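**Q** Below is the structure I would like to discuss, written out as structure tokens.
The values are calculated or read from the model by the stated rules, or taken from the named source; none is laboratory data. Treat the numbers as computed from the prediction; the structure is a model and nothing was measured. Positions of Cβ are generated from backbone atoms using ideal geometry, with glycine treated the same way; all protein chains shown enter the neighbour counts. Surface accessibility is based on the protein's heavy atoms, side chains included, excluding ligands, DNA and RNA. Shrake-Rupley method; radii C 1.70, N 1.55, O 1.52, S 1.80 Å.
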Amino acid sequence: MAALDNPDGDLYRAQLARADERAAQRPVCKRCGRKFTDERWEETTVRGGAWTAGDLTVCGPCHADDVAREQAARLQAAAPPPLEDDREPARPGHPSWPCAGHSPPPSDTLPA
């Protein structure tokens, strides 16, 4: 008779059972142990999503860390190496002086 008093009771219990079953199937991150969010779980299981999802065994925040680390490594690899300037500063009359072969500027404009 209880089902007649509350016809949605059976539906509610069935929804709870499905939610519990889904939670039990939810993957856990191999790195930090957190359960995947719905979005991350979908990224790793949707057809075609796995190509862009990266490591399928890690959660969203761990995946974001991986992406940031990869981007930083790419930027560092693309950056030119720092210049190592161990040369002497240019002085008038030295071949490295600007416009070598020309006369140096008047001595009153040169630093002391």
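**Q** Sort through Pro92, Pro104 and tell me the only one that's open to solvent by less than 100 Å² (accessible area, probe 1.4 Å), at pLDDT below 90 and in contact with a Gly (Cβ under 9 Å, 6 or more places away or on another chain).
**A** Testing whether each residue is open to solvent by less than 100 Å² (accessible area, probe 1.4 Å), at pLDDT below 90 and in contact with a Gly (Cβ under 9 Å, 6 or more places away or on another chain) leaves just Pro104.
**Q** Let me ask something else. I'd like the residue in segment 36-54 that is part of a loop (DSSP other than H, G, I, E, B) and open to solvent by less than 20 Å² (accessible area, probe 1.4 Å) and, out of all such residues, is modelled with the lowest pLDDT.
**A** Ala53
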